[in-house]
């Protein structure tokens, strides 16, 4: 973690000089928008329930490359839709030259206590990315450090290419292929919380229930591949997009959960169970999509 913080600090110092050199070619702007995601998928894994989100977002981008955004997401599949989480992002974008771009960023998110989102155990993360245009293909890579009770690392590597109707067109189609690697400690706390709620239904008179989940096969490994195509319009004031994605999960995450149930009389019941869901044992490809529109001013 210390090495990453040093890297982040040096990166900010180095990109600042580039940003100042290119500042005359940039302008500050606000952007507001909304998007709809039909199902939340993380590292190729869906929840057992459908998790659709309607998100509102406001952003500010400064000419120097600094930016900040706030978003609020509503879970739309319940009888009483409510805000499932709020998120704040800050970062620094830099265009080194016509072909090389990058950024460093951080995120803080606050989730509803009853959220089913697998990421609800991750309160914040920091990371960086870059992209390099080779002409035929654009190479992209990112690396994030995510913080909960334990630190996870997630890496993505991908290729894409933009196709426009003609040189003057603002309509585009961008097919891409991304590969995701990472550790899975976030999954321990997500599983513990989910099973704890289910156990409470079986023992409604329990004084307390404590669940602790451990990975049977921890490690940094290939988690999924994603094939997607973004189709959209990028005008001076209005932007919209639609992005269908096929997620291909890899390497099942096996877990064991240890639960302690304290009854009203003070006695305790200890349970040990294989908490690996069937969806993880038998991984299946998942299709999902996102669409949105935003206004720039």
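The values are calculated or read from the model by the stated rules, or taken from the named source; none is laboratory data. Source: prediction; values computed, not measured. Using ideal geometry, Cβ is built from the backbone for each residue, glycine included, and neighbour counts are taken over all protein chains shown.
Some points to look at:
- Annotation note: of 51, 8, 12, the sole residue that is closer than 21 Å to residue 241 by Cα and modelled with pLDDT under 95 is 51.
- Condition met for residue 125 (in contact with a helix residue (DSSP H, G or I) (Cβ under 7 Å, 6 or more places away or on another chain), surrounded by 19 or more Cβ atoms within 10 Å (Cβ to Cβ) and assigned to a strand (DSSP E or B)): no
- Flag if residue 180 is over 30 Å from residue 27 (Cβ atoms), touching a residue at least 40 places away in the same chain (Cβ under 8 Å), buried (at least 19 other Cβ atoms within 10 Å of the Cβ) and touching a helix residue (DSSP H, G or I) at 6+ places or on another chain (Cβ under 6 Å): no
- Some residue of region 202-217 being touching a helix residue (DSSP H, G or I) at 6+ places or on another chain (Cβ under 8 Å), over 30 Å from residue 269 (Cβ atoms), touching a residue at least 60 places away in the same chain (Cβ under 8 Å) and not in a loop (DSSP other than H, G, I, E, B): no
- Test: residue in region 37-48 that is modelled with pLDDT of 95 or more, exposed (fewer than 15 other Cβ atoms within 10 Å of the Cβ) and over 17 Å from the mean Cα position of the chain (by Cα): no
- Any chance residue 136 is part of a loop (DSSP other than H, G, I, E, B) and either at pLDDT 90 or above or in contact with a helix residue (DSSP H, G or I) (Cβ under 7 Å, 6 or more places away or on another chain) (or both): yes
- Subset tally (residues that are crowded, with 19+ Cβ neighbours inside 10 Å and within 18 Å of the chain's Cα centre (by Cα)) for region 49-66: 2
- Subset of region 230-256 [in a loop (DSSP other than H, G, I, E, B) and either without any contact (Cβ under 8 Å) to a residue 40 or more places away in the chain or touching a helix residue (DSSP H, G or I) at 6+ places or on another chain (Cβ under 9 Å) (or both)]: 251, 252, 253, 254
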